[in-house]
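Step one of this worksheet: look at the structure below.
The values are calculated or read from the model by the stated rules, or taken from the named source; none is laboratory data. These figures come from a predicted structure and were not determined experimentally. Neighbour counts run over all protein chains shown; Cβ positions are idealised from the backbone, glycine included. Areas reflect the complete protein model, heavy atoms only, side chains present, ligands, DNA and RNA absent. Shrake-Rupley method; radii C 1.70, N 1.55, O 1.52, S 1.80 Å.
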Amino acid sequence: MTDLLLELGKRPFVRKLVASAGLPMPMPEALPRPKGPSVERFLEGKTVRVAGEGALGAALANLLPRAGATTLTATAALAATIGSKAEAYGRVVRPLTAADSESTDKVHALILDATALARPADLRLLYTFFHDHVRSLARGGRVVLLGRPSDTATTLAQAATEGALDGFTRSLAKEIGGKGATANLVLVEPGAEMRVEAVLRFLLSSASAFVTAQPLRVSAEASWDNRDPWEKPLAQKVVLVTGAARGIGEATARMLASEGAHVVCLDRPEDDEPLSHVAREIGGTPLTADVSDPEAGVQIALELKRLHGGVDIVVHNAGVTRDRTLARMQESGWDQTININLAAILHITETLLQTGALRDNGRVVSLSSIAGIAGNMGQTNYAASKSGVIGFTRYLAKQTKARGITVNAIAPGFIETRMTAAVPMMIREAGRRLSALGQGGLPEDVARAITFMALPGSAGVTGQVLRVCGGALIGA
Ligand code: NAD
């Protein structure tokens, strides 16, 4: 379904016309998206401005020059740490001066290491750095704040100060969303500093085009084999994607295959044809099953063991809606939704774990929804199933961390699929516009977020729910 405003907004003369006529018409900015699989030097030719004297200097030094960025900073400690690595990668670190805030040169990203902020007065750094530089942010640019989770604070003042980063980031995201730019907050637990790289690669790149105004926690909970290949990162990995015949599942299967994985594509027996087509195109294996069948767990586990000796990454994507207000809802509509969207995830995952089919350092990613976070009229069954996925994710993450298996959920907002094309026009328009980025996302945006969760380097992210919602105002 075409978004007319987004299409019109791609034409400079229409943007000019709307602006000069002073029309109160939102013109969403087309979001830059990656053209292919991930590359190591994803910041090649781009400039980033960095500030803050926190605990993440070494992690930033590991990442920025290697990713190809030119770094500008006024912080002596950062200049020294990043500078020590920059030469090896032929990159430049240059002092950030007052003239830079006046310059018309646009920068790709603004990064603030706020992990050392301990008192409310310290928050002034947020004001000065972003006040001076936010105008320099390019269209489709990135803001990333790095902080500590307030529940790891050692003083009351520190907890209050750390808590403030959340509201600041969400508000800034709304201010810069009109130019297709995003702002996100990374909350790094003490001891997890060197695990932040995968998160930064995702949030600083166009892979996270539809992720904004979100906090994401990084911990040292799950054991980590410290492998971080950034090109073909999923080579040798076996992946199961449920609901892979179309929509988000198909986009995810394609994305994971493009990153080197062998994908076992699962869908219902009646979808054998589109499923086999997808599997053939990506060199994967088709597998037909109804995930809500009580035998499905064992069937899937046996097939994965027989064909591939096991599985490394499981993406629970298959899902249905059976919308009705509660008083009008049929029992079957309730049961199908709970069984497919929630009970099947539980049952299949438990079977994969019990049979040993899910290997160490594995990844489990399940599809939740912002309806599961905010609730939605006519979706008591769907929202219950999708918030159930969040409960499942948080609990299981604790049980599997010793084996290095991470468990996360993705909560998409308004994504342009056949599901949302069927929504009445006014509701569809509201779904698109009531967000920081003012538009719907694409299945590939969700696929990129799932791929990020599936990486070996994402071991620091577990028990998390990441919204891929363009900064939707619902449930924010
Ligand atoms: P879709 O309807 O296009 O695709 C869902 C796939 O799941 C289909 O191929 C379907 O055949 C398969 N499936 C359904 N029941 C199954 C079963 N019992 N066994 C095996 N396969 C089954 O939906 P989509 O929009 O791509 O959504 C994918 C997931 O993302 C769902 O879990 C959905 O709830 C979630 N989600 C989507 C949106 C959105 O805006 N599209 C928003 C939030 C969450």
*List the number of the failed condition for VAL241; all other conditions in (1) free of Cβ contacts under 8 Å to residues at least 40 places away in the same chain; (2) within 16 Å of the ligand (Cβ to nearest atom); (3) in contact with a Gly (Cβ under 6 Å, 6 or more places away or on another chain) hold.*
(1)
*Restricting attention to region 245-264, report how many residues are open to solvent by less than 10 Å² (accessible area, probe 1.4 Å) and more than 22 Å from ALA296 (Cβ to Cβ).*
1
_Being in the same structural domain as ALA296 (by TED's automatic domain parsing), among the small types (Gly, Ala, Ser) and open to solvent by 20 Å² or more (accessible area, probe 1.4 Å) narrows it down to one residue among GLY378, GLY356; which is it?_
GLY356
*Inspect all residues belonging to region 195-217 and state whether any of them is over 20 Å from the mean Cα position of the chain (by Cα) and either in contact (Cβ under 8 Å) with a residue 60 or more places away in the chain or on the phi < 0 side of the Ramachandran plot (or both).*
no
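Identify all residues within region 209-226 that are away from the ligand (no atom under 13 Å from the Cβ) and surrounded by 19 or more Cβ atoms within 10 Å (Cβ to Cβ); write none if there are none. First the steps, then the outcome.
At the first step, the residues of region 209-226 found to be away from the ligand (no atom under 13 Å from the Cβ) are 209, 211-226.
Hits for region 209-226 are ALA209, VAL211, THR212, ALA213, GLN214, LEU216, ARG217, VAL218, SER219, GLU221, ALA222, TRP224.
Residue-by-condition table, conditions (1) within 22 Å of ARG246 (Cα to Cα); (2) open to solvent by 30 Å² or more (accessible area, probe 1.4 Å); (3) away from the ligand (no atom under 15 Å from the Cβ); (4) not assigned by TED's automatic domain parsing to the domain that holds ILE405:
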| position | (1), (2), (3), (4) |
| --- | --- |
| LEU266 | yes, no, no, no |
| HIS277 | yes, yes, no, no |
| ARG280 | yes, yes, yes, no |
| THR288 | yes, yes, no, no |
| ALA301 | no, no, yes, no |
| LEU304 | yes, no, yes, no |
*Test LEU125 against the criterion of being under 17 Å from GLY57 (Cα atoms), at pLDDT 95 or above, surrounded by fewer than 19 Cβ atoms within 10 Å (Cβ to Cβ) and assigned by TED's automatic domain parsing to the domain that holds THR73, and give yes or no.*
yes
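Restricting to strands (runs of 3 or more DSSP E) lying wholly in region 358-469: which have 2 or more residues that are within 23 Å of LEU240 (Cα to Cα) and more than 15 Å from the ligand (Cβ to nearest atom)? Spell out how you get there, then give the answer.
Numbers: elements: 358-367, 406-412, 465-468.
Here the list reads 358-367, 406-412.
Open to solvent by 10 Å² or more (accessible area, probe 1.4 Å), in a loop (DSSP other than H, G, I, E, B) and either touching a strand residue (DSSP E or B) at 6+ places or on another chain (Cβ under 7 Å) or over 18 Å from ILE111 (Cβ atoms) (or both), is that true of PRO229?
yes
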*Could you tell me whether VAL311 is within 15 Å of the ligand (Cβ to nearest atom) and open to solvent by less than 70 Å² (accessible area, probe 1.4 Å)?*
no
*asked:* What are the pairs with Cβ atoms under 8 angstrom where one residue, in region 315-329, is farther than 12 Å from VAL241 by Cβ and the other, located anywhere, is within 8 Å of the ligand (Cβ to nearest atom) and among the β-branched types (Val, Ile, Thr)? Sequence gap at least six, or different chains.
replied: GLY319/ILE340; VAL320/ILE340
*Are any residues in region 74-109 within 20 Å of LEU56 (Cα to Cα), among the polar types (S, T, N, Q) and open to solvent by less than 60 Å² (accessible area, probe 1.4 Å), and if so, which ones?*
THR75, THR81
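Would you confirm whether or not region 298-305 contains a residue that is over 19 Å from THR393 (Cβ atoms) and acidic (Asp, Glu)? So that I can check it myself, show each step before the final result.
First pass over region 298-305, keeping only residues over 19 Å from THR393 (Cβ atoms): 298-305.
Those left that are additionally acidic (Asp, Glu): 303.
Scanning region 298-305, I find at least one residue that is over 19 Å from THR393 (Cβ atoms) and acidic (Asp, Glu), so the answer is yes.
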_Residue in region 136-155 that is open to solvent by 40 Å² or more (accessible area, probe 1.4 Å), assigned to a helix (DSSP H, G or I), touching an Asp or Glu at 6+ places or on another chain (Cβ under 8 Å) and under 23 Å from PHE414 (Cα atoms) present_ = no
*Quick one: ILE248 ticks every box in (1) under 21 Å from HIS308 (Cβ atoms); (2) in contact (Cβ under 8 Å) with a residue 40 or more places away in the chain; (3) within 15 Å of the ligand (Cβ to nearest atom) except a single one, so which number is it?*
(1)
*When you look at ALA383, is it in contact with a Lys or Arg (Cβ under 8 Å, 6 or more places away or on another chain), hydrophobic (A, V, I, L, M, F, W, C) and surrounded by 18 or more Cβ atoms within 10 Å (Cβ to Cβ), yes or no?*
no
*Please go through region 332-352 and pick out each residue that is within 12 Å of TYR382 (Cβ to Cβ) and open to solvent by less than 60 Å² (accessible area, probe 1.4 Å).*
GLY333, THR337, ILE338, ILE340, ASN341, LEU342
